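Enquirer: Can you read through this structure? Questions will come right after.
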Amino acid sequence: MAVQYKVNEYFRRRLSDSSIYTFTSVADAQTKCAFHNTFLTSNSPTVTYALEDSGQTLKVTFEFADNAKQEAWRTAVNNLTETTLTISSISDGEVTVSSHGYDSGSNGLLFHYETDGAAATGLQNPAPVYIRYKDANTLSLHETEAEATNDDDSTRVKISASGGSGTQTLWQPYSSYKSYDVERFKREWLNQDGTVSSTATFDK
């Protein structure tokens, strides 16, 4: 593939005290960023990872077979939209969300729980959770993607969550990454000789 069709994306993780987290490894950075499948797979890029800035920045490089695929990837990523589900109730690790619109193909998706009141027991505010479809109005909550996609009812473990107050929601970020404390702060489009053609910066 030609260097002409390369894009660099830069990510960092900002903690609650506004300090920047230092990733311990590329694998740690991948786990913390929890990228959307659309970001990683749309139009079949070759994806490579590297840590920079003494481990505080994850650089993700995408290489495409041709310009059409690169532009289609840009469109797909830019069209990602934020999803917010309003919770009616939480009981025994299951949330009631009227007509949530998901099915079993959504098992394992990462959402973030938040409330403007008291958090449900068993959950922090905010907290990352993985969802599993139960029925048209009910989703179960799990600590890991593996649990949410475990089809064995006898071994699958839910988060022991109940109650809570205020407006409780589950949301997915609009951007190319899933984690609520991860920032994408720069994107570079590369020329054929590997030099930077253009740079975009982002607040998040």
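Enquirer: In segment 27-47, what residues are over 18 Å from the mean Cα position of the chain (by Cα) and either free of Cβ contacts under 8 Å to residues at least 24 places away in the same chain or on the phi > 0 side of the Ramachandran plot (or both)? Steps first, please.
Expert: Start the filter on segment 27-47 by keeping residues that are over 18 Å from the mean Cα position of the chain (by Cα), which leaves 43-46.
Across segment 27-47, the qualifying residues are Asn43, Ser44.
Enquirer: Right, next: In this structure, does Asn43 turn out to be more than 30 Å from Arg156 (Cα to Cα) and either surrounded by 15 or more Cβ atoms within 10 Å (Cβ to Cβ) or among the aliphatic types (A, V, I, L, M) (or both)?
Expert: Working: more than 30 Å from Arg156 (Cα to Cα): yes; either surrounded by 15 or more Cβ atoms within 10 Å (Cβ to Cβ) or among the aliphatic types (A, V, I, L, M) (or both): yes.
Yes, satisfied.
Enquirer: Taking segment 94-127 as the region of interest, how many residues are crowded, with 19+ Cβ neighbours inside 10 Å and in a loop (DSSP other than H, G, I, E, B)?
Expert: Selection size over segment 94-127: 7.
Enquirer: So which of Ser18, Ser54 ends up being over 15 Å from the mean Cα position of the chain (by Cα), outside any helix (DSSP H, G or I) and assigned by TED's automatic domain parsing to the domain that holds Lys186? Please lay out each step first, then the result.
Expert: Numbers: Ser54 fails: outside any helix (DSSP H, G or I).
Every option except Ser18 fails the conditions.
Enquirer: Okay, moving on. Test Thr24 against the stated conditions and say whether it is within 18 Å of the chain's Cα centre (by Cα) and not assigned by TED's automatic domain parsing to the domain that holds Thr144. Give the steps one after another, and end with the answer.
Expert: Details: within 18 Å of the chain's Cα centre (by Cα): no; not assigned by TED's automatic domain parsing to the domain that holds Thr144: yes.
No; evaluated as a whole, the condition is false for this residue.
Enquirer: Which members of segment 181-204 meet the condition of being more than 26 Å from Lys32 (Cα to Cα) and of a type in the set (D, E, K, R)? Write out each step before concluding.
Expert: Filtering segment 181-204 for residues more than 26 Å from Lys32 (Cα to Cα) gives 190-198.
Within segment 181-204, Asp193 is the sole residue that qualifies.
The values are calculated or read from the model by the stated rules, or taken from the named source; none is laboratory data. These figures come from a predicted structure and were not determined experimentally. Cβ: placed from backbone, ideal geometry, glycine included. Neighbour counts: every protein chain shown.
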